[in-house]
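Peer 1: This is the structure I have questions about; it appears just below.
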Amino acid sequence: MNEHAMHQHPQPAAPAGMEYAVLEVRGMHTAGCAQNVERALARIEGVHHAEANLLNGTATVHYDPARATLEALRAAVADCGYLCRGESGPDHMTGHAAPQEKPAVHAGHAEALMDHTAHAGHAGADTAAAAHDHAMAKPTRHGEAGAHAGHAMGGVEDHSAHGGRPGMTAADMERDMRRRFFLALTLTVPVFLFSHLATEILGLHIPLPFGLTDKLLGFLLTTPIVVYGAWPFYVGARNGLRQGVLNMSVLVSLSVLTGYLFSVAATFLFQGAVFYEAAAMLVTFVLFGHWMEMRARGSTSQAIQKLLQLAPPMATVVREGAEIELPTDQIVVGDVIVVRPGSKVAVDGEVTEGQSDVDESMITGESLPVKKKVGDAVIGGTINKTGAFRFRATKIGADTALAQIVKLVQAAQNSKAPAQRLADRAAHYLVIVAVLAGITTFLLWFLWLAPRFMPAGADRLVFSLTFAITVVVITCPDALGLATPTAIMVGTGLGAQHGILFKDAAALEAAARIDAVIFDKTGTLTKGEPEVVEIAVNQELGVSESDVLAKAAAAEQGSEHPLAQAVVKAAQSRGLSLENVSGFEAVPGHGLKAKVGNSPVLIGNSKLLADNGIALDGLGPKAVELARGGRTVIHIAIDGKAAGLIAVADAPRDTAAEAVRQLRDLGVEVVMLTGDNRATAERIAHDLGIQT
């Protein structure tokens with residue numbers, strides 16, 4: 001692998017057969033640190049290219065698994081002075097968590113649980129929202145069976161990359177950088193106020209304390225800044241030089257040290273200009289930039305952290321006929337896991353016993369729970385809503401759909417836009433330019449200009465060095481290496497917080513030129529929560545809308561089904577009082593039977609009423625009309641007669657129509673995709689002004 005691969009522009013796509021891993025890298029303080037990691041990884045045989053992200057402390061590596069291993073990648077990161085624990089991910093999914101003690105055994109078994117069934121609600125309503133099938137990238141296993149994502153990382157050696165504690169977390173590094181900045185700021189203010197610069201620019205003439213000279217005071221105040229405050233940049237420069245990278249840390253270190261050391265010599269060895277205020281201010285400003293950058297880590301990675309926490313840390317696993325609580329990272333493929341109502345699914349698997357409704361909205365975005373029965377697939381991180389079931393684990397750790405989504409987001413944040421690659425290359429060559437400019441300046445003044453312009457009695461060498469060091473000190477635009485990755489990180493982070501995932505940085509950059517936007521319907525253009533939109537009653541019975549709604553809400557108030565909750569919420573909004581319910585009986589796939597007050601009530605689909613010999617009479621045409629309009633129709637029978645219909649629909653978001661209008665005003669075509677029925681799709685499209 002060419003060691004300069006990370007400087008190619010643009011980055012070529014990885015060949016077929018390549019895999020990628022997102023490694024956790026601790027100890028990166030500067031943009032140069034990320035370049036060091038990229039260079040070290042790119043040197044490994046079999047690595048196509050690597051992209052490190054300073055802000056979230058990870059590195060994405062595209063490699064050939066036949067020629068490179070995760071252990072080799074981790075070792076390469078460690079060898080260049082940074083701590084790598086392996087693939088990035090939550091501890092309870094990747095095996096980074098501390099070993100647990102002997103697991104506890106439940107007194108009961110799953111057989112008892114399976115006897116409890118919950119209200120099936122309206123699973124078979126005439127019109128139901130269809131869930132989308134989300135294609136997940138096929139995960140790749142990197143380790144032996146039972147080991148999560150190849151995390152055989154025992155005995156990882158700690159490396160203190162930047163003068164801090166070994167293996168510092170992002171929060172630790174942010175606090176460390178903050179301490180360094182405030183120390184530097186506190187000392188830089190008096191350095192500036194007592195300098196000749198303050199006298200010339202601000203006209204300040206502050207008496208020097210303790211009888212010190214201005215040079216000696218500058219030395220005493222600047223030394224802690226240069227030694228302690230700038231230490232991360234020295235270590236970053238050292239690591240960069242070891243990897244053959246001339247990064248921003250090299251330029252910062254060169255600028256600070258040349259200015260400081262020349263000033264020390266001018267203080268104690270010869271008469272000359274000093275640059276204490278320049279060195280101090282340079283360190284302070286750069287520290288401030290890096291502190292702000294590290295603060296951005298927390299604010300821009302919240303979406304990833306929320307995703308990571310979807311998977312539960314513990315799961316109920318059946319081992320040798322008994323149920324035991326195990327950490328999620330100890331689950332192996334083939335384990336049978338018990339999921340109770342309200343619990344989260346720990347890993348991906350296949351249902352082997354029982355049935356239930358599972359809320360997959362956090363993965364798919366679809367609001368309605370999905371019915372799960374034997375043979376159906378379940379996704380780790382989703383929530384079981386009603387019944388209890390068992391499933392067999394098929395994918396664990398970094399192979400789960402949730403881990404793959406997190407990995408995709410991290411890879412997108414680690415990717416580099418063309419503009420960022422250009423900035424990285426410019427930063428690489430700028431170091432060379434700065435050094436050559438300093439040398440050229442020195443030679444010009446020493447050999448030609450100094451004899452003409454230097455004051456009488458001045459030393460030619462010192463006079464020429466003063467100009468050379470001035471050039472080196474001011475040639476330090478560290479923002480060049482910070483601005484682009486920070487913008488990419490903030491952009492992708494804010495996008496993720498608003499439900500927008502960018503495949504990579506190039507996609508984010510190309511977003512400014514898009515001419516069409518494709519929206520998913522449910523949960524994006526719509527609220528994702530059904531609500532009652534219309535009530536029709538049987539006029540021949542003399543019942544009112546409130547009568548029908550109150551009876552239905554009373555029977556449904558114990559259910560967690562979204563359609564049932566929509567009915568209850570509508571009754572509450574009207575201030576209706578709900579009667580007592582008895583004789584509740586769920587009819588799977590059709591609805592329910594109950595006695596509300598003194599009246600027997602049936603609530604569900606048309607088949608439920610037909611099976612009980614109840615005709616719709618005049619409500620039949622209205623039911624067809626509502627269904628064709630994209631509504632989910634709930635049928636209500638009271639005292640053995642069809643009493644009314646409740647139409648439920650997913651309403652558009654309050655801001656959706658305005659968003660569509662603004663996009664169309666910008667000349668962007670708006671397209672809506674949905675797996676729902678045509679009637680529902682046409683209703684939402686008409687309401688929002690979408691033509692495609």
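The values are calculated or read from the model by the stated rules, or taken from the named source; none is laboratory data. Since we're looking at a predicted model, the values are computed, not measured. For neighbour counting, all protein chains shown are included, and Cβ atoms are generated from backbone atoms with ideal geometry for every residue, glycine included.
Peer 1: Mind listing just one residue for me: the one in the stretch 347-360 that is in a loop (DSSP other than H, G, I, E, B) and in contact (Cβ under 8 Å) with a residue 40 or more places away in the chain and, of those, surrounded by the fewest Cβ atoms within 10 Å (Cβ to Cβ)? Please lay out each step first, then the result.
Peer 2: Here is the first cut: in the stretch 347-360, the residues in a loop (DSSP other than H, G, I, E, B) are 347, 355, 360.
Filter once more, so that each one left must be in contact (Cβ under 8 Å) with a residue 40 or more places away in the chain: 347, 360.
On the way: Val347: 31, Glu360: 23.
If we take residues in the stretch 347-360 being in a loop (DSSP other than H, G, I, E, B) and in contact (Cβ under 8 Å) with a residue 40 or more places away in the chain, then Glu360 is surrounded by the fewest Cβ atoms within 10 Å (Cβ to Cβ).
Peer 1: Mind telling me which of the residues Ala553, Ala510 ends up being surrounded by fewer than 16 Cβ atoms within 10 Å (Cβ to Cβ), part of a helix (DSSP H, G or I) and either in contact with a Lys or Arg (Cβ under 7 Å, 6 or more places away or on another chain) or of a type outside the set (Phe, Trp, Tyr) (or both)? I'd like the intermediate steps shown before the answer.
Peer 2: Working: Ala553 fails: surrounded by fewer than 16 Cβ atoms within 10 Å (Cβ to Cβ).
Among Ala553, Ala510, only Ala510 is surrounded by fewer than 16 Cβ atoms within 10 Å (Cβ to Cβ), part of a helix (DSSP H, G or I) and either in contact with a Lys or Arg (Cβ under 7 Å, 6 or more places away or on another chain) or of a type outside the set (Phe, Trp, Tyr) (or both).
Peer 1: Out of Phe192, Phe210, I need the residue that is at positive phi and either hydrophobic (A, V, I, L, M, F, W, C) or in contact (Cβ under 8 Å) with a residue 12 or more places away in the chain (or both). Which one? Step through it out loud before you land on a result.
Peer 2: On the way: Phe192 fails: at positive phi.
Of Phe192, Phe210, the one residue that is at positive phi and either hydrophobic (A, V, I, L, M, F, W, C) or in contact (Cβ under 8 Å) with a residue 12 or more places away in the chain (or both) is Phe210.
Peer 1: Another question, then. With the requirement that a residue be in contact with an Asp or Glu (Cβ under 7 Å, 6 or more places away or on another chain) and either closer than 17 Å to Leu326 by Cβ or surrounded by fewer than 21 Cβ atoms within 10 Å (Cβ to Cβ) (or both), what does the stretch 386-396 give you?
Peer 2: The answer is Arg390, Phe391, Arg392, Ala393, Thr394, Lys395.
Peer 1: Looking only at residues that are in contact with a strand residue (DSSP E or B) (Cβ under 7 Å, 6 or more places away or on another chain), more than 16 Å from Ala315 (Cβ to Cβ) and of a type in the set (A, V, I, L, M, F, W, C) in the stretch 349-382, which one is modelled with the lowest pLDDT?
Peer 2: Val370
Peer 1: Counting only residues that are out of contact with any helix residue (DSSP H, G or I) (no Cβ under 8 Å at 6 or more places or on another chain) and touching a residue at least 60 places away in the same chain (Cβ under 8 Å), which one in the stretch 324-345 is nearest to Thr382 (Cα to Cα)?
Peer 2: Of the stretch 324-345, the ones out of contact with any helix residue (DSSP H, G or I) (no Cβ under 8 Å at 6 or more places or on another chain) are 324-326, 330-337, 339, 341-345.
Retained after the next criterion (residues that are touching a residue at least 60 places away in the same chain (Cβ under 8 Å)): 324-326, 330-333, 341.
Details: Ile324: 21, Glu325: 19, Leu326: 18, Gln330: 19, Ile331: 17, Val332: 19, Val333: 18, Pro341: 12 Å.
Top of the filtered list is Pro341.
Peer 1: Another one. Given the conditions (1) in contact (Cβ under 8 Å) with a residue 12 or more places away in the chain; (2) on the phi > 0 side of the Ramachandran plot, report the number of the one that Ala657 does not fulfil.
Peer 2: Unmet condition: (2).
Peer 1: For the stretch 327-346, give me the residue count where each residue is crowded, with 20+ Cβ neighbours inside 10 Å and of a type in the set (A, V, I, L, M, F, W, C).
Peer 2: The qualifying residues number 6.
Peer 1: If I ask for residues that are buried (at least 24 other Cβ atoms within 10 Å of the Cβ) and basic (Lys, Arg), which ones from the stretch 556-569 would you list?
Peer 2: Those that are buried (at least 24 other Cβ atoms within 10 Å of the Cβ) and basic (Lys, Arg): none in the stretch 556-569.
Peer 1: Still on this structure: Checking Ser577 against (1) under 28 Å from Asp687 (Cα atoms); (2) hydroxyl-bearing (Ser, Thr, Tyr); (3) surrounded by fewer than 22 Cβ atoms within 10 Å (Cβ to Cβ): exactly one of these is not met. Which one?
Peer 2: Result: Ser577 fails condition (1) only.
Peer 1: Can you tell which of Val332, Val345 is over 25 Å from the mean Cα position of the chain (by Cα), within 16 Å of Ala403 (Cα to Cα) and of a type in the set (A, V, I, L, M, F, W, C)? Walk me through it before giving the result.
Peer 2: On the way: Val345 fails: over 25 Å from the mean Cα position of the chain (by Cα).
The conditions single out Val332.
Peer 1: Find the residue count for the stretch 263-277, including only residues that are buried (at least 24 other Cβ atoms within 10 Å of the Cβ) and either among the hydrophobic types (A, V, I, L, M, F, W, C) or at positive phi (or both).
Peer 2: 1
Peer 1: Further question: Working only within the stretch 605-626, note down all residues that are under 26 Å from Glu579 (Cα atoms) and in contact with a Lys or Arg (Cβ under 9 Å, 6 or more places away or on another chain).
Peer 2: Within the stretch 605-626, Leu608, Asn612, Ile614, Ala615, Leu616 meet the criteria.
Peer 1: So which of Ser573, Ser577 ends up being modelled with pLDDT of 90 or more, under 28 Å from Gly528 (Cα atoms) and of a type outside the set (D, E, K, R)?
Peer 2: Ser573
Peer 1: Follow-up question, since we're still on this one. Hey, Val596 hits all of (1) in contact (Cβ under 8 Å) with a residue 60 or more places away in the chain; (2) buried (at least 20 other Cβ atoms within 10 Å of the Cβ); (3) in contact with an Asp or Glu (Cβ under 9 Å, 6 or more places away or on another chain) but one; which does it fall short on?
Peer 2: The number of the failed condition is (1).
Peer 1: Which condition from (1) of a type outside the set (D, E, K, R); (2) part of a helix (DSSP H, G or I); (3) without any contact (Cβ under 8 Å) to a residue 24 or more places away in the chain is the one that Ser582 breaks?
Peer 2: (2)
Peer 1: Can you report the number of residues in the stretch 610-648 which are in contact with a Gly (Cβ under 9 Å, 6 or more places away or on another chain) and part of a loop (DSSP other than H, G, I, E, B)?
Peer 2: 4
Peer 1: Return the only residue of Leu208, Leu216 being at pLDDT 80 or above, touching a Ser or Thr at 6+ places or on another chain (Cβ under 7 Å) and more than 30 Å from Arg175 (Cα to Cα). Please lay out each step first, then the result.
Peer 2: Details: Leu208 fails: touching a Ser or Thr at 6+ places or on another chain (Cβ under 7 Å).
When all the criteria are applied, what remains is Leu216.
Peer 1: Could you look through the stretch 656-675, keep only residues that are part of a loop (DSSP other than H, G, I, E, B) and modelled with pLDDT under 90, and pick out the one that is surrounded by the fewest Cβ atoms within 10 Å (Cβ to Cβ)? Outline the logic, then answer.
Peer 2: So in the stretch 656-675, the residues part of a loop (DSSP other than H, G, I, E, B) come out as 666-668, 674-675.
Checking the rest, the ones that are also modelled with pLDDT under 90 come to 674-675.
Working: Thr674: 20, Gly675: 14.
By that ranking, first place goes to Gly675.
Peer 1: Just to verify a result, which residue in the stretch 626-655, among those that are among the basic types (Lys, Arg) and at pLDDT below 90, is surrounded by the most Cβ atoms within 10 Å (Cβ to Cβ)? Walk me through it before giving the result.
Peer 2: Initially, the stretch 626-655 is screened for residues among the basic types (Lys, Arg), giving 628, 631, 641, 653.
Subset that is at pLDDT below 90: 628, 631, 653.
Working: Arg628: 15, Arg631: 26, Arg653: 16.
The qualifying residue surrounded by the most Cβ atoms within 10 Å (Cβ to Cβ) is Arg631.
Peer 1: How many residues does the stretch 361-385 contain that are assigned to a loop (DSSP other than H, G, I, E, B), surrounded by fewer than 18 Cβ atoms within 10 Å (Cβ to Cβ) and not small (Gly, Ala, Ser)? Before you say what the answer is, go through the steps one by one.
Peer 2: Of the stretch 361-385, the ones assigned to a loop (DSSP other than H, G, I, E, B) are 365-369, 373-376, 379-382, 385.
Retained after the next criterion (residues that are surrounded by fewer than 18 Cβ atoms within 10 Å (Cβ to Cβ)): 365, 373-376.
Next, only the ones that are not small (Gly, Ala, Ser) stay: 373-374, 376.
Result for the stretch 361-385: 3.
Peer 1: Looking for something modelled with pLDDT under 90, assigned to a strand (DSSP E or B) and not polar (S, T, N, Q) - is there at least one such residue anywhere in the stretch 532-543?
Peer 2: yes
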